[in-house]
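Chemist: Have a look at the structure that comes next, please.
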Amino acid sequence: MSDDHGARRREQAIAAYGVVDAPPRRELSALVDLAAQVAGVPFAAVNLLDAESQHAIATRGFPPERMPIEESMCRRVVESGRPVMVEDASRDERWSHSPWTTGERADVRFYGSHPLTTPAGVVIGTLCVYDDETHEVTPEAAKGLAQLADRVVDVLELELASRRLSEANARLSTSNERLAHFAGQVSHDLKNPLTSVSLSLETLELDVTEPDQADTVARARRGVDRMTGLINNLLEFASQGDAPGDAVVDLGAELSSALDDLAGRVARERVQVGPLPRVRGDAAQLRSVLMNLVDNAAKFVDDGEAPEIEVDSRPLDGHHRIEVRDRSRGIPPDKRERVFAPLARLDKSVEGSGIGLATCRRIVEAHGGTMGVDGREGGGSVFWFELPDAGDDEPAADHRG
């Protein structure tokens with residue numbers, strides 16, 4: 001394969017992922033932080049290299065930046081497709097004249113870099129770690145960097161699958177038959193990277209010894225496991241269209257799990273939680289409804305404002321009404337029904353596919369309930385859904401912190 005052809009394939013792959021010149025992905029930033037911890041260094045980055053530039057799309061210890069390809073230390077790793085880890089890069093002939101080791105840009109000494117290889121075999125960049133002090137090169141650090149580099153690619157693949165999901169939905173009708181067909185098509189794309197992430201995190205959990213690192217890996221693994229269960233349930237629901245089961249579901253416990261999954265995006269102290277009822281249905285599906293509504297309440301606040309979210313419930317005649325109240329920008333009365341239409345995005349300044357609320361309503365209706373949104377006195381919105389009583393004579397669950 002010619003160098004030009006390889007460069008074109010690399011640029012096409014990078015363009016498909018759509019992360020260059022975009023805000024750093026939260027998942028990639030977490031992996032970069034973990035890479036720095038595993039290597040015991042202050043600096044780490046995910047670098048993507050096209051024909052002209054190196055793009056640092058997620059970093060630890062310095063801001064994301066773009067630099068000319070000629071100045072890139074990671075260029076040699078991309079071109080060779082082989083990882084490197086050296087105790088002192090300034091004494092290595094490959095980088096002894098690099099501006100990153102001579103003091104012109106930095107004084108890099110310890111340097112480790114692992115190629116990022118797509119499922120198609122294209123090396124698009126590196127996960128690299130470095131320090132301005134020398135370090136002993138250990139097999140454990142090299143192994144950890146390799147595992148995390150694979151997880152970087154998994155995250156990019158998941159993002160790509162999600163984007164394709166949104167693009168494909170724009171071409172689909174809203175009929176259940178076509179939605180079910182599409183769900184079957186994307187299930188493989190969504191599940192396989194998550195399975196790979198889960199297995200690698202399980203291996204990494206056994207390798208790390210520092211308490212902070214172990215806690216970070218354990219939290220990541222729990223989140224992946226919950227996400228896998230959520231995707232499995234939602235895809236099965238979309239594919240079959242069947243009513244959910246009638247197991248007793250503690251909405252207070254499910255909201256607590258949802259807030260765990262939203263950690264880093266929605267602080268628990270910003271969410272006031274009242275007693276929530278027990279209902280009958282599918283726990284994972286109802287957790288996804290709560291998570292989506294709380295996430296939306298946090299996303300649509302005015303710039304610079306902290307979210308103020310309340311989740312509470314009250315009994316009705318044979319039903320429970322659960323409300324998620326916020327102080328967001330609000331929704332005009334004539335557009336409140338439109339937000340539940342598939343692909344409806346009233347505010348395109350906020351990231352999203354426009355399918356979340358449509359899916360939430362579909363889940364609630366499958367549980368025999370209804371869902372809507374009202375304005376809130378003083379500003380904001382009240383998203384609500386009503387579900388039949390569980391019928392087990394159990395009191396509402398109080399999970400307030």
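The values are calculated or read from the model by the stated rules, or taken from the named source; none is laboratory data. Predicted, not measured: the structure shown is a model, and the values here were computed from it. With ideal geometry, Cβ positions are generated from the backbone for all residues, glycine too; neighbour counts draw on all protein chains shown. Only protein heavy atoms, including side chains, enter the accessible area calculation; ligands, DNA and RNA are left aside. Shrake-Rupley method; radii C 1.70, N 1.55, O 1.52, S 1.80 Å.
Chemist: Looking only at segment 83-106, filter to residues that are in contact (Cβ under 8 Å) with a residue 12 or more places away in the chain and open to solvent by 40 Å² or more (accessible area, probe 1.4 Å); which one of those is nearest to residue 127 (Cα to Cα)?
Modeler: Looking at residues that are in contact (Cβ under 8 Å) with a residue 12 or more places away in the chain and open to solvent by 40 Å² or more (accessible area, probe 1.4 Å), I get 83.
Chemist: Of the residues 20, 38, which single one is in contact with a Leu (Cβ under 8 Å, 6 or more places away or on another chain), open to solvent by 20 Å² or more (accessible area, probe 1.4 Å) and assigned to a helix (DSSP H, G or I)?
Modeler: One residue alone meets the criteria, 38.
Chemist: Okay, next question. Being polar (S, T, N, Q) and surrounded by fewer than 20 Cβ atoms within 10 Å (Cβ to Cβ) is the filter; apply it to segment 148-170 and report the residue that is nearest to residue 115 (Cα to Cα). Outline the logic, then answer.
Modeler: Initially, segment 148-170 is screened for residues polar (S, T, N, Q), giving 162, 166, 169.
Within this subset, residues satisfying the condition of being surrounded by fewer than 20 Cβ atoms within 10 Å (Cβ to Cβ) are 162, 166.
Values: 162: 24, 166: 29 Å.
Filtering segment 148-170 for residues that are polar (S, T, N, Q) and surrounded by fewer than 20 Cβ atoms within 10 Å (Cβ to Cβ), the one nearest to residue 115 (Cα to Cα) comes out as 162.
Chemist: Give 336, 327 a once-over and let me know the one that is at pLDDT 80 or above, open to solvent by 50 Å² or more (accessible area, probe 1.4 Å) and closer than 27 Å to residue 264 by Cβ. Talk me through it step by step, then tell me what you get.
Modeler: Numbers: 336 fails: closer than 27 Å to residue 264 by Cβ.
One residue alone meets the criteria, 327.
Chemist: Ok, one more. Going through segment 170-199 one residue at a time, which ones are of a type outside the set (A, V, I, L, M) and at pLDDT 60 or above?
Modeler: 189, 191, 192, 193, 195, 196, 198
Chemist: Can you pull out every residue in segment 235-249 that is modelled with pLDDT of 70 or more and either touching a Ser or Thr at 6+ places or on another chain (Cβ under 9 Å) or open to solvent by 80 Å² or more (accessible area, probe 1.4 Å) (or both)? Can you show your working first?
Modeler: Let us first name the residues in segment 235-249 that are modelled with pLDDT of 70 or more, namely 244-249.
If the condition is that a residue be modelled with pLDDT of 70 or more and either touching a Ser or Thr at 6+ places or on another chain (Cβ under 9 Å) or open to solvent by 80 Å² or more (accessible area, probe 1.4 Å) (or both), then 246 is the only one that fits.
Chemist: Checking residue 114 against (1) surrounded by 14 or more Cβ atoms within 10 Å (Cβ to Cβ); (2) within 17 Å of residue 70 (Cβ to Cβ), which test does it fail?
Modeler: Result: residue 114 passes all but (2).
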